[in-house]
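The structure under discussion appears below in the form of C-alpha cells.
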Amino acid sequence: MKAMILAAGKGTRVQPITHTIPKPLIPILQKPVMEFLVELLRKHGFDQIMVNVSHLANEIENYFRDGQKFGVQIAYSFEGRIVEGELIGKALGSAGGMKRIQDFSPFFDDTFVVLCGDALIDLDLTQAVKWHREKGAIATVVMKSVPREEVSSYGVVVTDESGRIKAFQEKPSVEEALSTDINTGIYIFEPEVFNYIPSGVEYDIGSDLFPQLVAIGAPFYGISMDFQWVDIGKVPDYWRAIRSVLLGEVKNVSIPGKEVLPGIYTGLNVAVNWDKVDITGPVYIGGMTRIEDGAKIVGPTMIGPNCWVCSGATVENSVIFEYSRLGPGVRLVDKLVFGRYCVDKIGAAIDVQAAALDWLITDARQVLPSQPPEERQAIDDILRNSD
C-alpha cells in the first residue's frame, strides 16, 4: 500500500531547532519523529512511501535513503531549485506537493494515506482506511476530540451525524466552536482527489482543497478516533513531548539506553560519580556526556550526548541538545538549550552568544578561555564580596 509523508515545511514555529534540523528529523530521545511514522506505516502495510522535501532536504534524504533499513521503500520529491550551487527550497503546499508527484507519474493508484511529518501517533490506520472505504469517501480527515477549552489552539472540523464534513473553523474561540473534533493532519484519499488539485502552483490541503470539496458536495468525511497524538508544531509542544515520553505517557516511545538507577537512563560511557551528584528521575543522559560532582539534575529532563554539565549547575524540567556545555552555577528550569540558543517553555529564545552569556552555555567542543570574560569576573567578585 502507498502513503505520503509531508516533510517540505520550513518549521518556522520550531526555530531555532529547524535552523539546522528539518522538522521531521527533530529527535524524540535521539530518534527522529518521522522514523516513528515510517514504523507506523510499515506496521499497517504501507510499504511504499513518497516524501516531499524542500527545507534541508538533503538531511532527510541522507537519513532515510531508500527506506531499505526501515523495511519500506521511500522516494523523494524535491520542491525548489538550485541557485549558485545551493539548494533553495520552495514548497508547493501540501496538496501541490501531492500533485507534483502524481503529475510526474501516476503513483497513487488506490486508496492512500497522507501524514504530516511532525507528530507522534499510535493510530490504527487499518481501521481508519476500512471506515473510509465503507463510506465511499473521496477524502477522509482523521479527527481527535479535545476538551472544549482547548479548541482555540486547533483547526476544528464540523460534521453531520453521518460523519460528512460540513465546515471547518480555524482556531475558533471556545464560544464560537461548533465542534470539539480537530484536524490531526492525517488524511485518507482516493486518486480521484487529484481532479481537484491544480498543477504547478502552491496549493494547500487544509485551506484550498478541503473547502473546495465541501463546496462541491464531494463525499468528504471525518472520522473521530481515540488515539495518542503528540503534535510538535511549536517549541513548547516539543518540550512537552519530551516530558511526556520521559514520564511514560507516550505508549509507542520507550526511553533509550540503560536504566542505571530508578528512573535514570544513560547512553554509553557517561562520565559521572553517582555518589557526588544529585539526580532525580525521570532523566535521560546521552552517551559520552560528563556530569561533574556537585551538579543537580531534576526530571523530567533530557540531556543529549556529548554534553558537559559543570559542578554547581542545576538542570530541572529541561531539554538539552547534544554538545552543550552548562557552566558552573548555571540554573536552567523549564528550558530548552539548542546550540547557542536557550528557549523557555513558551517559546521565547535568547541567543546566549549575542547576549555575552556563552560562558554559561556554550559548545562542549569549544576550547574555553584561560581567563573568564569580564561579565563573569564581575559576577564572581559580587558573589565573593557578599560572603
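Every residue in the stretch 331-369 that is of a type in the set (Phe, Trp, Tyr) and either assigned to a loop (DSSP other than H, G, I, E, B) or modelled with pLDDT under 80 (or both), please.
TRP359
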Find the residue count for the stretch 316-336, including only residues that are crowded, with 19+ Cβ neighbours inside 10 Å, β-branched (Val, Ile, Thr) and either without any contact (Cβ under 8 Å) to a residue 12 or more places away in the chain or out of contact with any Gly (no Cβ under 9 Å at 6 or more places or on another chain) (or both). 0
Looking at GLU150, is it open to solvent by 70 Å² or more (accessible area, probe 1.4 Å), assigned to a helix (DSSP H, G or I), more than 27 Å from LYS130 (Cα to Cα) and not basic (Lys, Arg)? yes
Given VAL146, VAL129, VAL142, which one is more than 14 Å from ILE5 (Cβ to Cβ) and at pLDDT below 95? VAL146
Taking the stretch 164-189 and keeping only residues that are surrounded by fewer than 19 Cβ atoms within 10 Å (Cβ to Cβ) and either part of a loop (DSSP other than H, G, I, E, B) or in contact with a Leu (Cβ under 6 Å, 6 or more places away or on another chain) (or both), one is left with LYS171, PRO172, SER173, VAL174, GLU175, GLU176, LEU178
Condition first: among the hydroxyl-bearing types (Ser, Thr, Tyr), open to solvent by 30 Å² or more (accessible area, probe 1.4 Å) and outside any helix (DSSP H, G or I). Now tell me which residues in the stretch 194-245 satisfy that. SER199, TYR203, SER224
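Residue-by-condition table, conditions (1) over 12 Å from the mean Cα position of the chain (by Cα); (2) at pLDDT below 90; (3) under 30 Å from ARG340 (Cβ atoms):
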{"position": "LEU6", "(1), (2), (3)": "yes, no, yes"}
{"position": "VAL14", "(1), (2), (3)": "no, yes, yes"}
{"position": "LEU29", "(1), (2), (3)": "no, yes, yes"}
{"position": "LEU41", "(1), (2), (3)": "yes, no, no"}
{"position": "ASP47", "(1), (2), (3)": "yes, no, no"}
{"position": "TYR63", "(1), (2), (3)": "yes, no, yes"}
{"position": "ASP66", "(1), (2), (3)": "yes, no, no"}
{"position": "GLN73", "(1), (2), (3)": "yes, no, no"}
{"position": "VAL83", "(1), (2), (3)": "yes, yes, yes"}
Read through the list (1) assigned to a strand (DSSP E or B); (2) at pLDDT below 95; (3) of a type outside the set (Val, Ile, Thr); (4) within 26 Å of LEU213 (Cα to Cα), then give the number of the only condition that LEU115 fails. (2)
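The values are calculated or read from the model by the stated rules, or taken from the named source; none is laboratory data. Because the structure is a prediction, the values reported are computed rather than measured. Cβ: placed from backbone, ideal geometry, glycine included. Neighbour counts: every protein chain shown. Surface accessibility is based on the protein's heavy atoms, side chains included, excluding ligands, DNA and RNA. Shrake-Rupley method; radii C 1.70, N 1.55, O 1.52, S 1.80 Å.
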